[in-house]
Amino acid sequence: MSWQLSVDFGTTYTVAAVSTGDGPPEVLEIDGYNRMPSLVMLHPEGRLLAGRAAVNEAGRYPERVERTPKRYVGVTEHLPLGGEMVPVTDAVAAVLERVVVEARRRHNGTFPERLALTHPARWTEGPLECLKAAAVAAGLPAAYMVPEPVAAALAYTEVHLSHGDHVAVYDLGGGTFDTAVLRRERQGFVVAAAPGGNPHLGGEVFDERLLNLLGRQLAEVDGARWEALSAPPDRRWARAHADFLTQVRTAKEQLSDRVDATLYVSAYDRDLLVTREEFESLIRVDLAGSVAELLRTVRSAGRAPEDLAAVYLTGGSSRIPLAAGLVHEHLRQMPATRGDPKSVVALGAIRALTPARADTPPPPASSVNGTVHSGPRPVVLPPMPNFLVPAIISTILCCVPTGVVAIVHAAQVRGKQSAGDIAGAQDSLKKAKAWTWASVGLGVLVALFYLVAMLSDPYQY
Ligand SMILES: Nc1ncnc2c1ncn2[C@@H]1O[C@H](COP(=O)(O)OP(=O)(O)OP(=O)(O)O)[C@@H](O)[C@H]1O
Ligand SMILES: [Mg+2]
């Protein structure tokens, strides 16, 4: 029987879902868990390990480990592991391979017929190509690329929405924060405006803030020891550092359900207590900024918070109660979430591949601008404003050289948008506006100059 696979390759965790068309899609269990660490390790024998196999070896070879390989995607070609430079595509392929091995085991060794891969909404062509290449290297079919907030909305909005309703998605993960406003259409969703977010905000930042707070306490107890723990001089301390980080992250996650948490710092043989109140004061500004960004995205879609039919929370860090509290306070909407806000991304992505009715097979995959689209739930961006008309008018009426530059940038906006390069399209739009205003400015200056010259010597003109 044919089957379909979706993979949400996250900064810290990767989740996959499988579907055979019989019954609802399911989260794939890997090594007994429904989420797999995205960690990769280059074994001294040359093998790339990923997930829990890598975690198990990581203690022995901390210098050969990268906990967040997604951060390198589209940023550099290689990442350093134990003194060697490993292609980023290979590191990502190792993560995807681990998923595929487990998924194929459940399906008599067959490969999935279709694949959906999720990605941060603001990724441009470079990182998207890297992710697609990694899937090919892992032996997977051409991927249907689904922005993470869109995937989350597909999971949430199946039942309760009417055609034309708008929803907002607040996706706070391990490494990135994404926002999006979507409009429900008969056949799927339309992203109502350019997505927003912050590529540097997520659970890793919160871990660091908590680590620094606890670090100050530990430094007071024994400064030299803290120096070794925070900047490990050797393998033993690197191991202690990794243990401490795990303890900090676990304590942070516990604080979503409890008012305090205790962690054991083996390097000090000491227990530390941290309260939810202390933790919240460390991250309040970050979270307030994330809600402001959500509001900005809503407004840039031409909506007010009260126009939204729902606000969906997704990503592991959205479990922090203060995040939901601030969304509620500022959008005056009770946000919807699930027990496991992480797996909704993979479950939603697979819906983009799954026919609405079991007797309606999805259309064959086709390639548009390098992105493979398939399935009955189109996710399309409306054309962005491109400022072409003002650019042309300013060329004719004001200044030809600067006007032409404005026209060139304006003409690039929609091409970049349809290639999925939202950031590039926004950049071209910004430049088109700047050059148009430069044309207008120069035109006005020349006209003023001409007027002054004419008034001062009317007979010459
Ligand atoms: N109960 C919880 N309370 C607070 N934070 C949590 C909780 N559970 C998980 N997290 C945090 O969520 C983050 C992982 O979230 P998620 O798996 O959605 O991110 P990701 O997909 O790996 O990253 P990204 O989407 O940014 O690429 C981690 O920082 C983790 O510590
Ligand atoms: Mg994620």
ask   = Order of 283-290, 314-321 by packing, highest average Cβ count within 10 Å first?
value = 314-321, 283-290
request  = For the chain, find the longest principal axis of its Cα atoms and tell me its angle to the long axis of helix 88-105, 0 to 90°, nearest 10.
outcome  = 60
ask   = Taking the Cβ-Cβ separation of Arg47 and Leu455 as r and a Förster radius of 56 Å, what is the calculated FRET efficiency to the nearest 0.05?
value = 0.10
inquiry  = Ordering Ser162, Ser343 by accessible area with a probe of 1.4 Å, largest first, what comes out?
reply    = Ser162, Ser343
ask   = For the stretch 388-456, what % of the accessible area comes from carbon and sulfur atoms, probe 1.4 Å?
value = 79
ask   = So, in nm, how far is label Ala133 from label Tyr33 when the simple model puts each one 7 Å beyond its Cα toward the Cβ?
value = 2.9
ask   = What share of Cα pairs, in percent, lie more than 39 angstrom apart in the chain?
value = 30
task = Provide the net charge surrounding Leu79, with neighbours chosen by a C-beta distance below 10 Å and charges set as Lys +1, Arg +1, Asp -1, Glu -1.
result = -3
ask   = How large is the charge dipole for the stretch 1-156, taken about the Cα centre, if only the Cβ atoms of Lys, Arg (+1) and Asp, Glu (-1) carry charge, to the nearest 20 debye?
value = 160
ask   = Under 28 Å from the Cα of Lys342, which lysines turn up, not counting those fewer than eight places away in the same chain?
value = Lys70, Lys132, Lys252
Gained length - Asp22 relative to Gln217, 0.36 nm times residue gap less alpha-carbon distance = 64.7 nm
request  = Please give every one of the aspartates and glutamates within straight-line cross-link reach of Lys430, meaning a C-alpha to C-alpha distance under 18 Å, and leave out same-chain neighbours fewer than 8 residues apart.
outcome  = Asp421
ask   = Roughly how many nanometres apart are two label points built 7 Å out from the Cα toward the Cβ at Val101 and Ser2?
value = 2.8
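Could you state the accessible area per residue of the chain in Å², with a 1.4 Å probe and every protein chain left in place?
Ligands and nucleic acids excluded, the figure is 46 Å² per residue.
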note = Expected sort for 81-87, 437-443 on mean C-beta neighbours within 10 Å, highest first, is 437-443, 81-87
request  = Could you tell me how many degrees, from 0 to 90 and to the nearest 10, lie between the Cα long axis of helix 321-331 and the main elongation axis, the longest principal axis, of the Cα atoms of the chain?
outcome  = 20
message = Give me P(r) over the stretch 388-456, computed from all C-alpha to C-alpha distances, binned every 10 Å, as integer percentages.
response = 25, 39, 22, 9, 4, 1
remark   = Total charge of the residues flanking Ala58 in space, meaning their Cβ is under 12 Å from its Cβ, with Lys and Arg +1 and Asp and Glu -1, is +2
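The values are calculated or read from the model by the stated rules, or taken from the named source; none is laboratory data. What you are looking at is a predicted structure, and each value in this text was computed from that prediction instead of being measured. Using ideal geometry, Cβ is built from the backbone for each residue, glycine included, and neighbour counts are taken over all protein chains shown. SASA here: full protein model, heavy atoms, side chains in, ligands and nucleic acids out. Shrake-Rupley method; radii C 1.70, N 1.55, O 1.52, S 1.80 Å.
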